[in-house]
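A short write-up of the structure that comes next.
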Amino acid sequence: MASGRVDLDGNPIKPITICMIGAGGFIGSHLCEKLMSETPHKVLAVDVYSDKIKHLLEPSSLPWADRIHFHRINIKNDSRLEGLIRMADLTINLAAICTPADYNTRPLDTIYSNFIDALPVVKYCSENGKRLIHFSTCEVYGKTIGCFFPKDSPLRQDPAYYVLNEDTSPCIFGPVEKQRWSYACAKQLIERLIYAEGAENGLEFTIVRPFNWIGPRMDFIPGIDGPSEGVPRVLACFSNNLLRREPLKLVDGGQSQRTFVYIKDAIEAVLLMIENPARANGHIFNVGNPNNEVTVRQLAEMMTEVYAKVAGESPIDTPTVDVSSKEFYGEGYDDSDKRIPDMTIINRQLGWNPKTSLWDLLESTLTYQHRTYAEAIKKATSKPVAS
Ligand code: NAD
Ligand code: UDP
């Protein structure tokens with residue numbers, strides 16, 4: 001499995017130890033899976049939850065059992081964190097509150113999680129001369145320049161005003177009372193701090209800006225493996241609606257645009273960063289799929305069609321319904337209008353390109369959602385309601 005593996009410059013890849021914070025989340029679980037099945041690296045997996053990586057931790061007869069160890073640690077207040085960072089060659093920080101429903105309803109937790117709690121991680125890496133891969137977000141770009149032109153302006157169609165480039169695009173956030181931007185602002189400040197640690201103290205860092213990575217194990221299905229009143233990200237919201245045969249809710253008409261990348265494609269990019277430090281250090285990378293752009297309404301339509309195919313059920317008569325953002329998310333919500341990643345830098349440094357079309361990634365993801373949740377939903381909805 002591991003022998004004979006070489007980096008992009010033909011040098012043999014040496015096994016390393018990785019301290020992965022947030023390893024029990026959506027991205028972390030896929031990254032652990034990849035590292036265990038395809039590389040010789042060791043993982044010190046840090047999180048408060050382990051459900052999504054349970055299949056990698058048990059039983060102890062798994063071939064990689066001695067290469068992954070779970071540490072149930074809340075990085076807010078645990079003195080074991082520095083020791084784990086010191087034991088590792090590389091730290092990857094994925095820990096964050098990163099669900100839009102939380103940005104304006106739990107703004108303090110959002111700011112603390114994305115800035116304050118990440119500070120010691122940066123500090124320990126810098127002080128101990130350890131490499132850091134930090135997960136930021138495409139949301140740091142905020143709104144596109146294009147959205148400020150009049151609706152009928154041809155400039156809106158000019159990529160110069162909407163394609164998001166790491167080195168040249170401005171970061172445009174809404175007003176302070178639109179607390180959605182607290183997340184973006186906290187992520188931007190931690191990016192700036194990491195950059196400054198690199199410039200002043202020589203920290204070796206890579207910053208990742210994910211553009212809507214989606215796939216199996218993303219978030220939760222409300223009332224099944226998460227709170228009934230919880231609002232996950234759009235993939236899980238729409239999956240939940242499809243599983244329950246309810247209309248998909250389009251926030252403010254579903255006109256916002258997103259590009260979606262398959263988690264398995266995106267994980268390939270992260271592995272290239274891990275194993276090619278000379279090419280990845282000092283860089284900020286967009287990781288997304290510019291070819292998979294849709295409006296949220298188009299996403300809803302495609303998911304409805306794909307789900308009908310994989311579940312063998314015909315769609316309901318009214319597949320979508322419009323809701324206002326105030327009703328859905330509460331006061332202080334705002335939205336990113338459009339997110340197309342410029343791929344020049346990741347292409348040049350790591351030769352990475354996404355492969356999977358939106359239809360294909362939805363087909364495999366919704367097959368997983370149907371297999372994992374359809375029975376549980378059926379049971380939950382057939383229970384008699386207590387009078
Ligand atoms: P996720 O919520 O599934 O995973 C985050 C993990 O961090 C969770 O398992 C959580 O328990 C853990 N965590 C949070 N606070 C912690 C703490 N104090 N101590 C220990 N563990 C803690 O989210 P994800 O989608 O896997 O995202 C990972 C990172 O990527 C985040 O930083 C997020 O901002 C960024 N990101 C992801 C996307 C995407 O498309 N999925 C987009 C933009 C940015
Ligand atoms: N959205 C929606 N209906 C839902 C959930 C989300 O219309 O049930 C919209 C949301 O307003 C946003 C987009 O889908 O425009 C993507 O939301 P997500 O939560 O995935 O995160 P974002 O891309 O905004 O960070």
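Descriptive notes on the structure:
A quick yes/no check of all residues on (1) more than 17 Å from ALA236 (Cβ to Cβ); (2) open to solvent by 70 Å² or more (accessible area, probe 1.4 Å):
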residue	(1), (2)
LYS338	yes, no
ASP342	yes, no
LEU350	yes, no
PRO354	yes, no
TRP359	yes, yes
LEU362	no, no
GLN369	no, no
SER382	yes, yes
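- Qualifying residues in segment 98-126 (those that are polar (S, T, N, Q) and within 9 Å of ligand 1 (Cβ to nearest atom)) - the one nearest to PHE220 (Cα to Cα): THR99
- Filtered residue count, segment 30-56, keeping only those that are surrounded by fewer than 24 Cβ atoms within 10 Å (Cβ to Cβ) and within 16 Å of ligand 1 (Cβ to nearest atom): 12
- Residues that are more than 26 Å from ALA101 (Cβ to Cβ) number at least 3 in the following helices (runs of 4 or more DSSP H) confined to segment 300-387: 344-350, 358-382.
- Restricting ILE214, ILE267 to those that are touching a His at 6+ places or on another chain (Cβ under 8 Å), touching a residue at least 40 places away in the same chain (Cβ under 8 Å), among the β-branched types (Val, Ile, Thr) and within 12 Å of ligand 1 (Cβ to nearest atom) reduces the list to ILE267.
- Number of the condition not met by CYS185 [criteria: (1) part of a helix (DSSP H, G or I); (2) open to solvent by 50 Å² or more (accessible area, probe 1.4 Å); (3) more than 18 Å from ALA118 (Cα to Cα); (4) within 16 Å of ligand 2 (Cβ to nearest atom)]: (3)
- On the stretch given as segment 219-276, residues that are over 19 Å from VAL208 (Cβ atoms), basic (Lys, Arg) and not in a loop (DSSP other than H, G, I, E, B) total 1.
- Within segment 146-168, tally of residues that are free of Cβ contacts under 8 Å to residues at least 40 places away in the same chain and surrounded by 15 or more Cβ atoms within 10 Å (Cβ to Cβ): 3
- Any chance ASP322 is away from ligand 1 (no atom under 16 Å from the Cβ) and closer than 26 Å to PRO210 by Cα: no
- For segment 57-78, the tally of residues that are basic (Lys, Arg) and either open to solvent by less than 80 Å² (accessible area, probe 1.4 Å) or modelled with pLDDT under 95 (or both) stands at 1.
- Within the set LEU272, LEU248, LEU243, LEU235, the sole residue that is away from ligand 1 (no atom under 15 Å from the Cβ), out of contact with any Asp or Glu (no Cβ under 6 Å at 6 or more places or on another chain) and within 22 Å of GLU293 (Cα to Cα) turns out to be LEU248.
- Any hit, segment 241-252, residues being more than 15 Å from ligand 2 (Cβ to nearest atom) and surrounded by 22 or more Cβ atoms within 10 Å (Cβ to Cβ): no
- Test: residue in segment 306-318 that is within 14 Å of ligand 2 (Cβ to nearest atom), modelled with pLDDT of 95 or more and open to solvent by less than 40 Å² (accessible area, probe 1.4 Å): no
- Checking each residue in segment 1-48 for being among the small types (Gly, Ala, Ser) and within 24 Å of ILE97 (Cβ to Cβ) picks out GLY22, ALA23, GLY24, GLY25, GLY28, SER29, ALA45.
- Boolean, ARG5 is basic (Lys, Arg), open to solvent by 80 Å² or more (accessible area, probe 1.4 Å) and under 22 Å from ASN281 (Cα atoms): no
- Put simply, of GLY198, GLY129, GLY202 the only residue that is away from ligand 1 (no atom under 11 Å from the Cβ), surrounded by fewer than 16 Cβ atoms within 10 Å (Cβ to Cβ), under 26 Å from ALA23 (Cβ atoms) and small (Gly, Ala, Ser) is GLY129.
The values are calculated or read from the model by the stated rules, or taken from the named source; none is laboratory data. Note that this is a predicted model, so its numbers are computed, not measured. For neighbour counting, all protein chains shown are included, and Cβ atoms are generated from backbone atoms with ideal geometry for every residue, glycine included. Note: accessible area is taken over every heavy atom of the protein model, side chains too, but ligands, DNA and RNA are not part of it. Shrake-Rupley method; radii C 1.70, N 1.55, O 1.52, S 1.80 Å.
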